[in-house]
1. Full-extension gain between ASP65 and LYS39, please, as 0.36 nm times their residue separation minus the C-alpha to C-alpha distance.
2. Angle, helix 5-22 long axis vs. longest principal axis of the chain, Cα atoms, 0 to 90°, nearest 10?
3. Would the stretch 5-73 count as rounded, prolate or oblate if I go by the C-alpha gyration tensor, calling it rounded below 1.5 in a/c and otherwise prolate when a/b exceeds b/c, oblate otherwise?
4. Peptides 35-41, 13-19: what's the order by average Cβ count within 10 Å, highest mean first?
5. May I ask you to derive the FRET efficiency for LYS108 and ASP14 from their Cβ-Cβ distance with R0 = 35 Å, giving the value to the nearest 0.05?
6. Connecting C-alpha atoms closer than 10 Å in a GNM of the chain, tell me which of GLU45, GLU32, GLU82 has the biggest fluctuation.
7. Taking Cα atoms, how many degrees apart are the long axis of helix 77-86 and the longest axis of the chain, rounded to 10 and kept between 0 and 90?
8. PRE reach from LYS139 (point 7 Å along Cα→Cβ): which of the stretch 1-25 fall under 14 Å by backbone N?
Amino acid sequence: MKMNKQEVIKSVSDKIRLIRLERNYSQDRMAEVIGISKKTLVQIEKGRTEAGWTTTVAVCGLFGDSEILQSVLGDVPLEVVEIIAHNGVSSPKDKTLGGRVWWKEIQKEGSFRLQQNMISQHYRILDDQDYRWFSSFDKSEAVKRFEELTNE
């Protein structure tokens with residue numbers, strides 16, 4: 001399953017009330033934090049409308065540690081958003097926690113390992129210091145990049 005922009009928007013929209021309650025924020029405070037009107041937040045929470053992409057990105061960035069959000073997007077919600085927005089990530093960045101909880105190891109060779117997120121199903125390549133070198137929903141692209149990195 002490859003997540004797309006609309007699926008992420010729907011997931012965040014469906015859970016925004018729980019994310020707010022998890023943080024013990026009022027609707028006024030939550031709206032202020034993510035940069036929308038209270039009226040818009042109420043409409044999203046009641047399922048009358050969905051959050052926009054910008055709001056979705058804001059929620060993922062500002063509430064990435066939310067257990068509710070992680071339960072639908074994996075341990076790094078902003079990474080899922082970043083992969084969708086950029087159609088993959090292919091430069092070294094972000095120290096990770098190494099993938100002990102949300103990740104399944106697909107392959108390990110030398111100082112690199114290829115992992116798949118058990119929730120979002122996207123792939124990433126980490127080095128032995130747990131830095132992320134590549135992320136994508138495309139398995140063949142991830143395997144190709146893994147082979148390139150391990151043969152350098």
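1. 6.8 nm
2. So the helix axis and the longest Cα principal axis differ by about 60 degrees.
3. rounded
4. 13-19, 35-41
5. The formula returns an efficiency of 0.50 here.
6. In the Gaussian network model the winner is GLU32.
7. Helix 77-86 sits roughly 70 degrees off the main axis of the chain.
8. 1-3
Coordinate-derived values only; no laboratory data. These numbers come from a predicted model, not from an experiment. Heads up, the Cβs are rebuilt from the backbone with ideal geometry, glycines too, and the neighbour counts pull from every protein chain shown.
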